[in-house]
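The values are calculated or read from the model by the stated rules, or taken from the named source; none is laboratory data. The structure presented is a predicted model; accordingly, all values stated were derived computationally and were not measured. Cβ atoms come from the backbone with ideal geometry, glycine included; neighbour counts cover every protein chain shown.
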Amino acid sequence: MGHKIIPVLRIFDYAKAHEFYMDWLEFTIDWEHRFESNAPLYLQISREHITLHLSEHHGDASPGAKVFIEFQNIAAYHHLLTSKNYKFNKPGLEKSPWNAICMEVTDPFGNKLLFSESQE
């Protein structure tokens with residue numbers, strides 16, 4: 001059985017998280033959990049092979065994390081994102097020292113997602 005590592009990223013505002021992750025990056029909400037109606041939200045989102053947990057719980061994670069994501073067809077994904085003209089993020093494509101094409105985006109809470117496609 002394979003093991004999966006799922007990063008937990010701190011969020012502070014569900015609407016902003018939804019706009020960034022679901023509307024712009026096109027992740028899907030797999031499930032959401034609250035202990036009660038006035039409790040912080042914890043949710044799982046995914047896109048293709050990528051799974052992330054987003055948490056409003058203050059003890060779960062610190063804002064400002066960076067997640068490295070191996071990705072395929074990064075140029076097509078970059079084109080999709082830039083065609084949406086999202087006013088808070090205008091990512092570019094860069095050649096990395098490790099022979100990859102990379103695109104980094106920063107969520108509204110200071111967390112960074114570095115998408116990387118190997119050129120080998």
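Quick check on region 44-67. Is at least one of its residues aliphatic (A, V, I, L, M) and in a helix (DSSP H, G or I)? Looking for residues that are aliphatic (A, V, I, L, M) and in a helix (DSSP H, G or I), one finds none in region 44-67, hence no. I need the full set of residues from region 9-26 which are surrounded by 14 or more Cβ atoms within 10 Å (Cβ to Cβ) and aliphatic (A, V, I, L, M), in order please. Across region 9-26, the qualifying residues are 9, 11, 17, 22, 25. In the list 6, 50, 45, 29, which residue meets the criterion of being closer than 19 Å to residue 116 by Cβ and without any contact (Cβ under 8 Å) to a residue 40 or more places away in the chain? 50 is the lone residue from the list that is closer than 19 Å to residue 116 by Cβ and without any contact (Cβ under 8 Å) to a residue 40 or more places away in the chain.
Put simply, of 77, 42 the only residue that is in contact with a His (Cβ under 6 Å, 6 or more places away or on another chain) and modelled with pLDDT of 95 or more is 42. Evaluation of residue 61 against the conditions (1) buried (at least 17 other Cβ atoms within 10 Å of the Cβ); (2) at pLDDT 95 or above shows that the sole unmet condition is (2). Checked against (1) hydrophobic (A, V, I, L, M, F, W, C); (2) under 21 Å from residue 115 (Cα atoms); (3) surrounded by fewer than 17 Cβ atoms within 10 Å (Cβ to Cβ), residue 39 meets all criteria but (2).
Take region 80-93 and flag every residue that is of a type outside the set (S, T, N, Q) and either loosely packed, with under 12 Cβ neighbours inside 10 Å or in contact with a Lys or Arg (Cβ under 8 Å, 6 or more places away or on another chain) (or both).
Taking region 80-93 and keeping what is of a type outside the set (S, T, N, Q), we get 80-81, 84, 86-88, 90-93.
If the condition is that a residue be of a type outside the set (S, T, N, Q) and either loosely packed, with under 12 Cβ neighbours inside 10 Å or in contact with a Lys or Arg (Cβ under 8 Å, 6 or more places away or on another chain) (or both), then 87, 90, 92 are the ones that fit.
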